[in-house]
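One structure, as structure tokens, below. Some questions next.
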Amino acid sequence: MSTLIWIAALLVLVAVYLSWTAGRLDRLHSRLDAARAALDAQLLRRASVAQELATAGVLDPAASIVLYESAHAARQAEEEHREVAESELSQTLRVVFGESAQVEAVQAAPGGEATLGELAEAVRRVPMARRFHNDAVRSARALRRHRTVRLLRLAGHAPFPLAFEMDDEPPATLVARAA
């Protein structure tokens, strides 16, 4: 009789552990979904402000066209090409706002100071949102690699989380503004 009690207690402990692990994995996936939504929102905000600035007529025509096309491509990119499109937008922002003359031209325009501040904030928040997302991916991957999770398929049919890798270095002139 004593052996049955020990076996039952062991089975209860294993069930509690598996339930806790499955709950933890579920919470990590929820955190990952929230981090991805925040990243998407920040990327969309950055592209929207860049498009708005490109169409405002305060930049030189060549810079406006390049910035608009890059921001438009980032907003319209399909999921598998999104990292490349967002990296290209980062590079375009660095080229366009690499010169202080462009920044001064935007500041001189009516409402330009506010738009430039909004772009500086958006550019500053993208790396943070990407870092939070990639941290959530790293945590979920670490738990999903455990043998118990794999053997018992505790992750269900959730796709394996992928990090979002892109060039998110902001233009130096905008970083100085956001600081």
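The values are calculated or read from the model by the stated rules, or taken from the named source; none is laboratory data. If you're wondering where the values come from, they're calculated on a predicted model, not measured in any experiment. Ideal geometry is used to build each Cβ from the backbone, glycine not excepted, and the neighbour counts take in all protein chains shown.
Suppose we filter the range 138-179 for residues that are hydroxyl-bearing (Ser, Thr, Tyr) and either more than 21 Å from residue 20 (Cβ to Cβ) or in a loop (DSSP other than H, G, I, E, B) (or both); how many remain?
Count: 1.
Any chance you could count how many residues in the range 124-166 are closer than 21 Å to residue 50 by Cα and loosely packed, with under 14 Cβ neighbours inside 10 Å?
2
While we're looking at this one, here's another question. Name the single residue that is nearest to residue 114 (Cα to Cα) among those in the range 57-67 being more than 27 Å from the chain's Cα centre (by Cα) and hydrophobic (A, V, I, L, M, F, W, C).
Only one residue tops the list, namely 58.
Right, something else. Within the range 116-148, how many residues turn out to be β-branched (Val, Ile, Thr) and out of contact with any helix residue (DSSP H, G or I) (no Cβ under 6 Å at 6 or more places or on another chain)?
Final tally of qualifying residues: 2.
When the residues of the range 76-88 are narrowed to those that are part of a helix (DSSP H, G or I) and over 14 Å from the mean Cα position of the chain (by Cα), which ends up nearest to residue 173 (Cα to Cα)?
88
Every residue in the range 152-167 that is at pLDDT below 90 and charged (D, E, K, R), please.
153
In the range 1-56, what residues are among the aromatic types (Phe, Trp, Tyr) and surrounded by 11 or more Cβ atoms within 10 Å (Cβ to Cβ)?
17
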